Structures are given as structure tokens and as C-alpha cells.
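Report on the following structure.
Values in this text are rule-based calculations from the coordinates and carry no lab data. This one's a predicted model, so the numbers in the text were calculated from it and none came from an experiment. Here the Cβ positions follow ideal geometry from the backbone for every residue, glycine too, while neighbour counts run over all protein chains shown.
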Amino acid sequence: MVNLVLTFIGPPGAGKGHFSYWIVKKFGFKRLASGDITRKYADEPTEIGLKISKLMERGELLPDELISQLFFLELEKIHSNVVLDGFPRTKIQGVFLHTFLRKKMSKNKFIVIILKTKKEDSAYRVQGRLFCAICSATYHPKLSPPRESFFCDNDNTKLSRRADDEHFAERWATYERKTLPLIKFMKARVNPKNLFEIGSDLSKEEIKKILEKIVEKN
Ligand code: AMP
């Protein structure tokens, strides 16, 4: 059976989490978020946990080898349609992912979705973002409010701010430095039929319609 491996690439606040969650709910995909993996390790009182939490607090990326190893350990366990949220984020991670998919998941179809957004829109979303530490769903008081103020719709956990959301400027700079070269690489490497660029001028509903077509066609 051919499964879809779909990845979202975009700056912080582009909606990677929002749309990957929507795909999970609508189409029953599994979701693997690199940020969830790093947060899990960062919470552990170990040397590696401390190293990871320091990098995350500063809004910096983890070393490519480390995050790729941690991510592939989890990806290997999934044998169904899967949406990747936050991985790859650099060109080297893109190269590692291609190699991994070729070796371990060669029957699967790989789809790349590039989410484009303007810096000021991203800043507005990230700076108001509320986060559920249990299921990692995100909300925004104005743009996507939870049903009950400050509580997660999924599990009723009290929502909080993510420490790294205070470092928007650094994270945007990291996106420009590390992720733009990845996008260039993906455009050169991935079959154009399997790569989609979605513009920042579209509404959430318009984007969901495009995603629906992509998933149904594949
Ligand atoms: P996210 O929830 O995707 O915004 O990720 C939170 C933090 O985890 C990032 O700011 C990075 O410090 C780290 N992280 C997540 N994904 C990656 C990745 N693909 N490469 C390196 N670091 C990552």
C-alpha cells in the first residue's frame, strides 16, 4: 500500500501546526511534529535535555544530525499516511529525509507543501499564540480562539505561551538563513507535481480547500 508522507515547510506562524492538525482530523493522518519531539526531550533532566532546552529557549534550531536522528526514530514507527510538521527545516535535513525515505519508505509518495506568509502576519500570529502543553494544539485569541477562553478544545488543559514565541525575530532570521535554502533544494529535487506553494494572500478556508484537493488527488 502506498502511503502519503506530506510535509509543511514555512516560517514560524505560517500555520504548519494548524493545517497539519486539520489534516489529521479530516483525513485521519498521523502527525509527527519535530517541535513535540524536542519539547519532550527538553523537559527531561538530562544533559541532552538541558542542551536542547537552551537552544529552544533562544529560538535556535537543534543540530541537524541530532534532530534528524530523533525524528527518524519516530517516523520509522508510522506505517500510515503521515503529516510532518516542522521537519525538515534546513537543506541538510532535506537531504537526510530524502535518503531516509528512499531507504525505508520507498513505496510512499512524498508531498511538499510550502506555506508562504508575510513577516508581519507571522509576527502577529506568533506573538498572540496560545499553546496546549498536552496535545500541542495552538490557538489565537482573535484569529482562532478556543471555545472556552484559555482552555484547550481537545483536552481542556489551561493554555499557555510558548517560551520560544517570545523570540520571533531570531526565529524569523533563522528561517531566512536556514529554511529558504531548503525550499530552493526542494524545488530542485521534488517532482513539481508533488510540490505546492500556497500564498499568504489566501484565507484559512481557501487554503483548506487546496489541501483537500491535494490529499484527495493523491
Ligand atoms: P516548533 O514547535 O516546530 O516551532 O519547534 C520548536 C523548537 O524546536 C524550534 O524553535 C527548534 O528549537 C526545535 N526544532 C523543531 N523542529 C526542528 C528542526 N526540524 N530542526 C531543528 N530544530 C527544530
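Quick rundown of the values:
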| read-out | value |
| --- | --- |
| Relative contact order [Cα under 8 Å, 6+ residues apart], the range 1-88, whole percent | 54 percent |
| Simple Cβ-charge dipole of the range 161-208, Lys/Arg +1 and Asp/Glu -1, about Cα centre, in debye nearest 20 | 340 debye |
| Reachable aspartates and glutamates, given that their alpha-carbon falls under 15 Å from the alpha-carbon of Lys54 and they are not under 8 places away in the same chain | Asp43, Glu44, Asp164, Asp165, Glu166, Glu170 |
| The range 1-79: trypsin sites (Lys or Arg not before Pro) in DSSP coil with no more than 15 other Cβ atoms inside 10 Å | Arg58, Lys77 |
| Relative contact order [Cα under 8 Å, 6+ residues apart], the chain, whole percent | 30 percent |
| Cross-link reach list, lysines versus Lys116, counting only Cα pairs under 17 Å and skipping chain neighbours closer than eight places | Lys16, Lys178, Lys184, Lys187, Lys204, Lys208, Lys209 |
| Cα-centre dipole for the chain with unit charges at Cβ (Lys and Arg positive, Asp and Glu negative), debye to 20 | 820 debye |
| Prolate/oblate/rounded call for the chain, Cα gyration tensor, a/c under 1.5 rounded | rounded |
| Label zone at Ser200 (point 7 Å along Cα-to-Cβ), backbone N below 14 Å, the range 143-175 | 169, 172-173, 175 |
| Size of charge dipole - the range 23-143 - debye, nearest 20, with Cβ of Lys, Arg +1 and Asp, Glu -1, no other charges | 660 debye |
